[in-house]
Amino acid sequence: MAWRICLRTWANGDLFTSTMHGKRFTLCTQQRCGFRKASRKPEIKKGEVEEVESKLPDPMHEAVQRKGYSPPLDTPVVHIPHRSFGRLLKPLVFTVGFTGCSFGAAAIWQYESLKSRVQSYFDNVRADWLEKLRPQKQGDIRKQVNQWWNSLSEGQRTVSGIIALNALVFCCWRVPSLQRTMLMYFTANPASKVLCSPMILSTFSHYSLFHMAANMYVLWSFSSSIVSMLGPEQFVAVYLSAGVISSFVSYVSKTAMGRLGPSLGASGAIMTVLAAVCTKMPEAKLAIIFLPMFTFTAGNALKAIIAMDTAGLVLGWRFFDHAAHLGGALFGIWYVSYGHELIWKNREPLVKIWHDLRTKGPGGGGTGSF
């Protein structure tokens with residue numbers, strides 16, 4: 001049996017009528033009187049139109065606040081005029097200073113290494129004698145790790161630390177709370193607030209796993225050749241200097257073309273290693289990992305890489321930082337041709353000063369050439 005309930009309630013001058021037929025429910029609103037006098041709109045004078053419009057809320061601003069919108073995480077940039085080369089003075093000074101400090105530290109490192117080798121020789125003789133008297137342990141993990149480490153070449157042991165640092169920075173990119181810090185300090189951008197430290201930190205920074213794996217594979221492949229040519233100390237100095245120099249060349253190119261943006265990766269420093277080896281051994285045979293059946297000389301490979309990066313820089317390709325690649329390659333060619341003689345062969349005065357400081361007096365020992 002259908003039933004009906006009517007409920008009339010006076011509230012706030014309106015009559016709400018609620019009618020329920022079975023399972024249907026309708027809500028009706030009525031005015032207290034049949035007619036109500038319309039409210040008079042205030043008149044706005046012509047002189048007040050602009051003032052009223054300026055006070056109106058911005059609909060886009062309201063939408064931003066309503067939706068809780070936050071700007072996307074991006075590199076902190078400073079808006080600078082086009083072709084503002086004045087901001088490159090500080091990176092230039094940092095590049096020269098960092099390069100000089102790298103080679104100076106490498107010369108001192110080599111001095112200390114030579115001293116420690118003499119002492120370790122006698123320590124190893126005594127250790128070998130004690131090892132023969134001590135019973136051998138089976139399944140010693142530490143011994144197996146040491147055997148694997150000793151089986152590596154000197155170059156592979158040297159670049160192992162570089163590869164480990166790149167892997168650590170790659171893991172830091174995966175931490176959400178570190179994104180802003182990584183963008184500021186581990187990407188090189190001439191428009192950023194921080195200009196100098198990213199020039200070296202970005203050399204160890206990779207966001208893509210494929211990018212890092214490709215760079216580290218090339219570094220591992222050329223490690224034995226480059227370290228046998230330069231030695232571990234000189235190689236580290238060249239590698240770090242190449243990272244800063246290639247970043248500075250990238251700064252100059254981006255500022256000149258007005259294409260400011262971040263870049264990262266070890267490609268510039270690795271191009272220095274590749275160019276140095278190819279210049280020193282142009283007849284060496286190389287092959288691509290995916291196409292091992294095709295071989296070519298190192299000299300031809302270097303020419304092809306330089307030609308491709310030059311074309312990319314001229315044509316404005318933006319997939320790679322071609323300026324950084326060219327800067328690294330040119331630095332590698334220059335160093336093995338002239339830089340080794342100009343820089344490394346003239347380190348003896350610095351080593352002499354360090355030797356005098358170590359022996360606490362100018363007459364405490366010899367100053368032979370290293």
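For the stretch 140-288, what is the accessible area per residue in Å² when the probe is 1.4 Å? It would help to have the intermediate numbers written out before the result.
Values: 6510 Å² over 149 residues.
On a per-residue basis, the stretch 140-288 sits at 44 Å².
Go through Lys115/Lys280; Lys90/Lys254; Lys254/Lys285 and tell me which ones have a Cα-Cα distance over 23 Å in this structure. Kindly include the intermediate steps, with their values, before the conclusion.
On the way: Lys115/Lys280 30 Å; Lys90/Lys254 16 Å; Lys254/Lys285 35 Å.
Check vs 23 Å cut-off fails for Lys115/Lys280; Lys254/Lys285.
What's the local net charge at Tyr338, with K and R +1, D and E -1, over the other residues with C-beta under 15 Å away?
Details: positive: Lys280, Lys345; negative: Glu341.
Once positives and negatives cancel, what remains is +1.
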Point-to-point label distance, Thr297-Leu357, nm (Cα→Cβ direction, 7 Å offset)
4.6 nm
Taking 0.36 nm per residue of separation and subtracting the Cα-Cα distance, what length does fully extending Lys193 through Ser221 add?
6.4 nm
So for each of 253-263, 142-152 I average, over its residues, the number of other beta carbons within 10 Å; can you give me the resulting order with the highest mean first?
253-263, 142-152
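Within 10 Å of each candidate Cβ there may be at most 16 other Cβ atoms; applying that plus a DSSP loop requirement, which trypsin sites (Lys or Arg not before Pro) in the stretch 262-338 survive? Please report the intermediate quantities before stating the final value.
Values: sites: Lys280, Lys285, Lys303, Arg318; in loops: Arg318.
Those satisfying the criteria are Arg318.
Determine, from the Cβ-Cβ distance of Arg259 and Asn346 and an R0 of 56 Å, the FRET efficiency 1/(1 + (r/R0)^6), rounded to the nearest 0.05.
Working: r = 39 Å, r/R0 = 0.69.
Computed FRET efficiency for Arg259 and Asn346: 0.90.
Quick one: net charge of Ser102's neighbours, Cβ under 13 Å, K/R +1, D/E -1? Don't jump to the answer; show the numbers that get you there.
Working: positive: Arg347; negative: Glu233.
Summing Lys/Arg as +1 and Asp/Glu as -1 gives 0.
If I stretch the segment between Ile289 and Phe320 completely, what's the gain in nm (0.36 nm per residue apart, minus their alpha carbon distance), one decimal? Kindly include the intermediate steps, with their values, before the conclusion.
Working: separation 31, 0.36 × 31 = 11.16 nm, distance 2.03 nm.
Full extension from Ile289 to Phe320 adds 9.1 nm.
All other residues with a Cβ under 9 Å from the Cβ of Leu195 taken together, and with Lys, Arg as +1 and Asp, Glu as -1, what is their net charge?
+3
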With a 10 Å radius around each residue's Cβ, average the other Cβ atoms per peptide and rank 238-250, 172-184, highest first.
238-250, 172-184
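The values are calculated or read from the model by the stated rules, or taken from the named source; none is laboratory data. Since this is a predicted model, take the numbers as computed values, not measurements. When we count neighbours, we look across all protein chains shown, and the Cβ atoms used for this are built from the backbone with ideal geometry, even at glycine. For accessibility, only protein heavy atoms count, side chains too; no ligands or nucleic acids. Shrake-Rupley method; radii C 1.70, N 1.55, O 1.52, S 1.80 Å.
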